[in-house]
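Notes to accompany the following structure.
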Ligand code: GDP
């Protein structure tokens, strides 16, 4: 996700990072390139203008021009501005306590991912201990009710539907009564979407809202539609009112335009992102983490959280320490393969490792390649694994033979490993990251 924009930013920053001093002209040029990158990413023009003006203003201040490391200072300013665009802090759902009924109204155009997201959100809230009822009130799209029923079964949640009822407003009224009677404390109402905005649809949602009196009115937006998603969100907000946004298909969004414009234009926070088709693929939206990804700095915090889910805290702390101090050896690299397999998709994990981007190309990350690399490292002695610098030409030949690979393949592995280590070292100098990581680990 976000590859394209992230690559652009990495290029822009690379040009600046080596410079001992930066002139106003350098800043102007970099900002101009950032502007193009944002526009190419389909970010709203007004948002881009504001972003550019504010960045220039701040970057031209004394702080950057006279800083010891002006390149880094500049990156920090851009980072902070992007975090601001994305909404500063993560915003949670605002639901009532467990003893009262809360409801969530899901709205958006057809195909945006409403039905899927309703089930995903239901699963997430169930895991948080809520008693969730899914309500099938999309009576327009053929098969939407059945789809929700199938999804409901998958995530083990009850789905309320009425076969004969054609009026979604009445259906929602009945669902509410049923929820109260059956002691549910959370209702997620999947409403119908049309292919385009239309008045009748808006009127219907306003009527449903009146009956439901929801705590959250979530607008589900397909991030692949870029600016169009922003325009539609705005009109839903004006006519019905939205309390937050769920950005779906974020896993396929290479541009990031919708994510970068939505908060600025609507003033409404993105609360979740959909990152795949499975019920578990819904993540809370953290502006700072997404900003890091956009700027090509990886998402160490999410990586650590994922790691925490699968490995114990001590192991996570050790891994973390190695990343921070950059004393990562080939031995650790080998261990990380097994860990990655345990944690899930290799590709999604690599995206989060600082420096993996650029240092590791796409064809490097398939399982076959991992097995090959594993074989190569396994052919090394423990001493070699702990200190890759001693692996000279004759050792490389021996290792290649032992692992059934070529010397070129051994060379490539070592080169990639060195690159990764170097990038880790660079990122580890970023104090803000470190503080966050430590806090995240509870140390
Ligand atoms: P609705 O018409 O708004 O209810 O849309 P659906 O829930 O039926 O979703 C439309 C399509 O988008 C389905 O094929 C979903 O599997 C897919 N989809 C929804 N959310 C995501 C997501 O976050 N990532 C990906 N890759 N696909 C998604």
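What to note about this one:
- For region 73-167: rounded, prolate or oblate by the Cα gyration tensor [a/c cutoff 1.5]: prolate
- Overall form of region 228-277 per C-alpha gyration tensor (a/c, 1.5; a/b vs b/c): prolate
- Protection-proxy order for peptides 197-204, 257-264, each taking the mean of Cβ atoms within 10 Å per residue, highest first: 257-264, 197-204
- Each label point was placed 7 Å from the Cα along the Cα-to-Cβ direction; for residue 197 and residue 228 their separation is 1.4 nm.
- Ranked 232, 242, criterion: other C-beta atoms within 10 Å, fewest first: 232, 242
- Region 182-239: C-alpha gyration tensor shape, a/c 1.5 cut-off, then a/b vs b/c: prolate
- Bridge orientation summary for region 127-286: considering DSSP beta bridges with both residues in this region, about 15 percent are antiparallel.
- Residue 32 paired with residue 110, simple spin-label distance in nm, labels 7 Å along Cα-to-beta-carbon: 4.7 nm
- Once C-alpha pairs closer than 8 Å and six or more residues apart are averaged by separation and normalised to the residue number of region 1-159, the relative contact order reads 16 percent.
- Average projected area [Cα convex hull, region 3-86], square nanometres: 4.9 nm²
- Distance between modelled label sites at residue 14 and residue 390, nm, 7 Å Cα→Cβ extension: 3.4 nm
Read-outs: derived from the displayed coordinates by stated rules, not from any lab. Note that the structure is a prediction, hence the values are computed from the model and not measured. Cβ coordinates were reconstructed from backbone atoms using ideal geometry, including for glycine residues, and neighbour counts include every protein chain displayed.
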